[in-house]
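Comments concern the structure below.
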Amino acid sequence: MCGIVAGIAQRNVVPILIEGLKRLEYRGYDSAGLAVVNQGEIFRKRELGKVKGLEALIASDPIAGNVGIAHTRWATHGKPSTQNAHPHVSKDKVAVVHNGIIENHDHLRTVLQQDGYVFTSETDTEVIVHKIAQELQSTDDLLAAVKSTIATLQGAYALGVVHADQPDVLIACRKGSPLVIGIGIGEYFIASDIAALLPVTQRFIFLEDGDMAELTINGASIQDEHGKRVVRPVIESQLKADSVDKGKYRHYMLKEIYEQAWAVSETLEGRFVNNKLQDTAFGHNAAEVFDQIKSVLILACGTSYHSGLVARYWLEKYARVPCSIEVASEFRYRNPVISPDTLVVTISQSGETADTLAALQEAKKLGVKHSLVICNVPESSLVRESDLVMMTRAGPEIGVASTKAFTTQLVALQMLLIAVGRRFELSREMEDNIVSELFGLPGNIEKVLKLDETIEVLSQRFADKHNALFLGRGTHYPIAMEGALKLKEISYIHAEAYPAGELKHGPLALIDAEMPVVTVAPNNNLLEKLKSNIQEVSARGGQLIVFMDEELAESSDENVQIIKMPSVANIISPIIYTIPLQLLSYHVAVLKGTDVDQPRNLAKSVTVE
Ligand code: G6P
């Protein structure tokens, strides 16, 4: 949801900011802009479309400066256009980049217009820059002007601010949107995500909510929301600049699909002693928390919500742990009834999804005492606000369509099943079984990835289709949902998932030769039921693609194409059956020529409601 990057240095910051923007493009990519201060003037370039357009614009008409701010946009207020692209400027003196949403922008705009400020965009952000300019009429102190401006703002923001007459200072602040400071040698940067700054530094300060920072080439001075000077810890990131490269792959998504065996091993690493999962894998006081809880409530959005849906089946089926799950954006406004001894589990790749964060805060307000986050980004807001943490360690995920984050979330949720389940009714035998299957999982993932070429061929059947159905039952119903989500996200084919038992209650009416029906049919207790559902579709001329265990005797016929999957234990099959669906949507998208890693209208990190 918009990416910002800015810096102050003794060298020209423009190439650093352009590279930073490219690395933040997963957050939004409908327009981009950059402004630098040079000799008492602000030089600004903005371009509709992706960062490479902005880069070309600057290459044809270069700008340079030692302090600058840059932005890649995901439109909320105002359509994607050059006029609406950031940075926004007031009186040719102040420039601002913003990530977040200012909720009271209408009111502020009216007041500022009455005071003579002329608006040139439809954005909520423009009120910020004019307000700062207005505050600067009574002070020369840019920090003070930003401070009194943010006191008038309602909503969420991460800001970078520069002033034409103050080339030696860059102001940053955040509330509700992420922002990190990158520490170089005699140079300082800010960005929405550390990935933007890895080419220039591995040392970061994660600003806390409400923090403001004044950056010069000599240091970063930080104050908290009460205006008190604070020292925040400096964190050394283990990530290298090339951890966010595509490597030999054509797209990040494909690279991330192929990284799953490795990512799963990383997620399991160091969490077992003598094959026994340690409660401390969730935090030093996890045992104490797990001993007290009576139920689990999972809150998440998008793909992360799908992993939670699988976990509900697991927790209830294998361990009799009462478990409910809800989409975070619904939970937060529903005023639900919730018992204090519930463990609230949020699941989030980014750790910054606004609705998930707000849902956690709402659960706490409603009296919940214990929270756990399953997350892929250390130091993210959800990690900071949760009592217990299980990191998925999938490495940076850049493709907007989530893949390795999902499978590692499922692995983390199996560990949760063990840790909580053993306090309920999970048998010792089942626990040992899960552990041994988890250790074998990377090998099984490698096996299923060998289906890539088969699936690439299969993808041709979707090239001219406008709709698709995905069917599954039990733990594989959420996998069908995830398959449908992947296909619609990146190939723009309308795809819906149904629990196969619901077919007769409506979707069967849609079946014809133009509607591919993708079915996830592992060898479990529901297989016979699912086979009947497959027959129902086939009898009506529907075209089925069925992912099925290699040990089953079924073979393809005129209406049913069977893809044989490695035979795996039930407990891990949702993870294994996810992978061909990821590959399918990937190859369909490539065939259709869509922008696989940056599909239209979407963004990876949804930091606004
Ligand atoms: C966006 C992304 C999805 C993701 C969802 C939740 O919609 O495009 O891939 O599943 O946000 O994000 P989170 O970071 O909380 O998992």
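The values are calculated or read from the model by the stated rules, or taken from the named source; none is laboratory data. What you are looking at is a predicted structure, and each value in this text was computed from that prediction instead of being measured. Glycine gets a Cβ as well: all are built from the backbone with ideal geometry, and neighbour counts include every protein chain shown. Just so you know, the surface numbers come from the protein's heavy atoms only, side chains and all, with ligands and any DNA or RNA stripped out. Shrake-Rupley method; radii C 1.70, N 1.55, O 1.52, S 1.80 Å.
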Quick one: grab the alpha carbon gyration tensor of the range 185-232, order the square roots of its eigenvalues as a ≥ b ≥ c, and give me rounded if a/c is under 1.5, else prolate or oblate depending on whether a/b is larger than b/c. oblate
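So what's the back-of-envelope 222 nm ellipticity for the chain, counting only DSSP H runs of four-plus at -39500 (n - 2.57) apiece and dividing by all residues, rounded to 500?
Details: 18 runs with 211 residues, N = 609.
One gets -10500 deg cm²/dmol as the mean residue ellipticity at 222 nm.
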So for the pair D165, A59, with labels modelled 7 Å out along Cα→Cβ, what separation do we get in nm? 3.8 nm
What are the residues whose amide H is under 5 Å from the amide H of V296, where those residues sit 5 or more places off or on another chain and H is modelled from the backbone? C323, S324, L343
Kindly provide the trypsin sites (Lys or Arg not before Pro) of the range 430-480 that DSSP labels as loop, not H, G, I, E or B, and whose Cβ sees at most 14 other Cβ atoms within 10 Å. K450
Please list, in chain and number order, the residues 5+ apart from A497 or on another chain whose amide H is under 5 Å from its amide H, with Hs placed from the backbone. F470
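Among all lysine pairs in the range 153-267 that are eight or more places apart or on different chains, how many have alpha carbons less than 24 angstrom apart?
4
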Solvent-accessible area per residue, Å², over the chain with all protein chains present [probe radius 1.4 Å]: 38 Å²
Helix 14-24 sits at what angle to the longest principal axis of the chain, using alpha carbons and giving 0 to 90 degrees rounded to 10? 30 degrees
Short version: ³J(HN,Hα) in whole Hz for each residue of the range 73-79, in order, from phi by Karplus 6.51 cos²θ - 1.76 cosθ + 1.60 (θ = phi - 60°), x for Gly and Pro, what are they? 10, 10, 4, 10, 9, x, 5
Expected vector for the range 576-583, Karplus 3J(HN,Hα) from phi with 6.51, -1.76, 1.60 and θ = phi - 60°, integer Hz, x for Gly and Pro, equals 5, 6, 5, 5, x, 6, 4, 5
May I ask for log10 I(q)/I(0) of the chain at q = 0.06 Å⁻¹, from a Debye sum over the Cα atoms as equal point scatterers with solvent left out? -0.34
Euclidean distance of C-alpha centroids, the range 331-393 and the range 503-550, integer Å: 36 Å
Tabulate in residue order the Karplus-calculated ³J(HN,Hα) for the range 49-61, using 6.51 cos²θ - 1.76 cosθ + 1.60 with θ = phi - 60°, rounded to whole Hz; enter x for Gly and Pro. x, 7, 4, 4, x, 5, 4, 5, 4, 6, 5, 7, 8
Using alpha carbons only, how many degrees (0 to 90, rounded to 10) separate the axis of helix 302-319 from the longest principal axis of the chain? 40 degrees
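Equivalent ellipsoid semi-axes for the range 119-236, as square roots of 5 times the alpha carbon gyration tensor eigenvalues: give them largest first, rounded to whole Å.
23, 15, 14
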Environment charge of K147, counting only residues whose C-beta is closer than 15 Å and scoring Lys/Arg +1, Asp/Glu -1: -2
Could you state the per residue volume, in Å³, of the convex hull enclosing the Cα atoms of the range 198-315? 219 Å³
Please list, in chain and number order, the residues 5+ apart from I563 or on another chain whose amide H is under 5 Å from its amide H, with Hs placed from the backbone. V546, F547, M548
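Using the eigenvalues of the Cα gyration tensor, what equivalent ellipsoid semi-axes result for the range 35-87 when each is taken as the square root of five times the eigenvalue, whole Å, largest first? Can you show the working numbers first?
Numbers: eigenvalues 85, 35, 13 Å².
Computed over the range 35-87, the values are 21, 13, 8 Å.
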Tilt of helix 476-491 relative to the longest C-alpha principal axis of the chain, in degrees (0 to 90, nearest 10)? 50 degrees
What accessible surface, in Å², does a 1.4 Å probe find on R203, ignoring ligands, DNA and RNA and rounding to the nearest 10? 100 Å²
